[in-house]
């Protein structure tokens, strides 16, 4: 019998065509990680839609931040100028764009519009895009967006009113536990331990400090633990303590705060939770490699 000669590949071993869509990155072993290449040609439209969705969610969160602490409905009435009380038409409520076109002023009375509105909108859109980049188009992305939206609302409310509403954190704990039970992300036991550790740790701080920290921080810690699991919760708490300490030192140095003045801890806890959600695994691996090995 003759020998059959098969042509060799021109450039070494042929690579299989990647599956899972143009925006997904694959490992050498063929497993699809959670990263999403937001600038890949086929991923531009989903990335744009997620960012725009985040802008509109941020616009709604501005309503939540303004009305929830005052126990007003977040559905009705329509948004109005706080100065002239004139209703704001829909075309003046387009996230970021309307603020820019109006020059940051009310169309009717020309009163200045708070910069908080575009900042919250842009921050929410950016966080949603980062979540897409880390989680990809998956069910896991849904829980990430829910948690990030809650953290943005908590940050705005705590900065303005020094409270963290139970109406956000208590349902958040239930949603985080239920999500882990249904999807296994994180494992349900990790989620349950995280909720207990997050709430229990801050409860101990409240008792030890004689009320130096509020019950809202305790419930926020439990919510973060339910969504993140206990390992990433500890990463988030570590980040929040470091960030809070740095800001407190700066405020003391600038004499913006005295030693006895309270600084809301909720925003720092929200920051730590968001960073742990997006990059917690990498931070944890770096820490274990650098300090535990």
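Exactly one condition in (1) closer than 17 Å to residue 199 by Cβ; (2) within 14 Å of the chain's Cα centre (by Cα) is not met by residue 216; state its number. If we test residue 216 against (1) closer than 17 Å to residue 199 by Cβ; (2) within 14 Å of the chain's Cα centre (by Cα), just (2) comes out false.
Taking the listed residues 147, 61, 132, the one that is under 20 Å from residue 224 (Cβ atoms), in the same structural domain as residue 46 (by TED's automatic domain parsing) and either at pLDDT below 95 or under 15 Å from the mean Cα position of the chain (by Cα) (or both) is 61, with no other qualifying. Checked against (1) under 30 Å from residue 262 (Cα atoms); (2) surrounded by fewer than 19 Cβ atoms within 10 Å (Cβ to Cβ); (3) in contact (Cβ under 8 Å) with a residue 60 or more places away in the chain; (4) within 17 Å of the chain's Cα centre (by Cα), residue 137 meets all criteria but (1).
Across segment 28-58, the qualifying residues are those that are modelled with pLDDT of 95 or more and farther than 17 Å from residue 133 by Cα, and the one among them that is surrounded by the fewest Cβ atoms within 10 Å (Cβ to Cβ) is 56. Selection within segment 107-134: residues that are touching a strand residue (DSSP E or B) at 6+ places or on another chain (Cβ under 8 Å) and more than 17 Å from residue 66 (Cα to Cα). The member of this set that is surrounded by the most Cβ atoms within 10 Å (Cβ to Cβ) is 132.
Every residue, every condition in (1) in contact with a strand residue (DSSP E or B) (Cβ under 7 Å, 6 or more places away or on another chain); (2) assigned to a helix (DSSP H, G or I); (3) at pLDDT 95 or above; (4) not assigned by TED's automatic domain parsing to the domain that holds residue 264, yes or no:
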position	(1), (2), (3), (4)
176	no, yes, yes, no
186	no, no, no, no
205	no, yes, no, no
213	no, no, no, no
217	no, yes, yes, no
221	no, yes, yes, no
237	no, yes, yes, no
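The values are calculated or read from the model by the stated rules, or taken from the named source; none is laboratory data. All figures in this text were calculated on a predicted structure; none of them were measured in a lab. Cβ sites come from the backbone with ideal geometry, for glycine too, and all protein chains shown count toward neighbours.
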